[in-house]
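Chemist: Structure provided below as structure tokens; questions to follow.
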Amino acid sequence: MAVDMSKIQSFFPTQIYRADKVASAKLNRELEQASLMLAQDDGAGIKWCEKHGYPGYTSYASLNDLPWRIPAFKALEKVLDRHAAAFAKALHWDLRGGKPVCDSLWVNVLPEGGSHTSHIHTNSVLSGTYYVAVPEGAGPIVYEDPRHAMMMAAPPLKANAPLSHKAHVPLRPAVGSLLFWESWLRHEVPVNRAEGLRISVSFNYVIGEK
Ligand SMILES: [Fe+2]
């Protein structure tokens, strides 16, 4: 029997916000230069990466004031604020006079062979990534169905199941792409098999008054 799709409703959406080319070429160039400069000069960050086996460089544990330190990150934060507000609206959040505020923002420089295992972003409501440099053939960011732990007896999906039904959803960003998701959504970056550096800026948003 053919399925009458009008008999089926969908609830509990997991939404991922994507916008492309959100920064000018000039701003992106400045972000790239600043990221590479940090990867060379941020001694505390480089040490942290070595100690924790992080492939490449991240400012995650060493610098918590990039928008104040470097104007390009401040300019990016302004762009991100607008998109965060739009996404919050689409999620129907009642913010009671508050708004999404950038709580932390950090740089990731991932060389060939680097990856970032599955994780969530705690202590925030929205998280996201802006892509500064994406080498040819670079892998996707992969999101995981948040109901995975409840799927003990669920049958596997057919190979041709639509992406909206899959348990793992790979999205391929381009230079200038921005992705936002709710911070509880688990995601990972599989091994970067492309030659060249994959440079991104990640961030967490909370609800604040700023
Ligand atoms: Fe992440």
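Chemist: In the stretch 1-17, how many are part of a loop (DSSP other than H, G, I, E, B) and loosely packed, with under 13 Cβ neighbours inside 10 Å?
Modeler: 11
Chemist: Among the residues of the stretch 147-180, write down those that are more than 18 Å from Gly137 (Cβ to Cβ) and within 16 Å of the ligand (Cβ to nearest atom).
Modeler: Result: His168, Val169, Leu178, Leu179, Phe180.
Chemist: Another one. Is it the case that Asn123 is on the phi > 0 side of the Ramachandran plot and assigned to a loop (DSSP other than H, G, I, E, B)?
Modeler: yes
Chemist: Continuing with this model, one more query. Give Glu77, Glu136 a once-over and let me know the one that is part of a loop (DSSP other than H, G, I, E, B) and either more than 14 Å from the ligand (Cβ to nearest atom) or in contact with a Cys (Cβ under 7 Å, 6 or more places away or on another chain) (or both).
Modeler: On inspection, the qualifying residue turns out to be Glu136.
Chemist: Any idea which residue in the stretch 181-204 is surrounded by the fewest Cβ atoms within 10 Å (Cβ to Cβ), counting only those that are away from the ligand (no atom under 13 Å from the Cβ) and assigned to a strand (DSSP E or B)?
Modeler: Only one residue tops the list, namely Arg198.
Chemist: Looking only at the stretch 110-133, filter to residues that are more than 15 Å from the ligand (Cβ to nearest atom) and at pLDDT 95 or above; which one of those is farthest from Trp184 (Cα to Cα)?
Modeler: For the stretch 110-133, the residue satisfying everything is Ala133.
Chemist: Against the condition part of a loop (DSSP other than H, G, I, E, B) and small (Gly, Ala, Ser), how does Ala88 come out, does it pass?
Modeler: The answer is no for Ala88.
Chemist: Now for a separate question. Please go through (1) over 26 Å from Gln33 (Cα atoms); (2) surrounded by fewer than 13 Cβ atoms within 10 Å (Cβ to Cβ) for Glu136 and return the number of the only condition it doesn't satisfy.
Modeler: (1)
Chemist: Let me ask something else about it. Going by the structure shown, is Leu95 farther than 27 Å from Arg29 by Cα, surrounded by fewer than 20 Cβ atoms within 10 Å (Cβ to Cβ) and touching a helix residue (DSSP H, G or I) at 6+ places or on another chain (Cβ under 8 Å)?
Modeler: Yes, satisfied.
Chemist: A further question follows. Somewhere in the stretch 18-39, is a residue among the acidic types (Asp, Glu) and in a helix (DSSP H, G or I)?
Modeler: Yes, some residue in the stretch 18-39 is among the acidic types (Asp, Glu) and in a helix (DSSP H, G or I).
The values are calculated or read from the model by the stated rules, or taken from the named source; none is laboratory data. This is a predicted model, so every value here is computed, not measured. Positions of Cβ are backbone-derived with ideal geometry, glycine not excepted, and every protein chain shown enters the neighbour counts.
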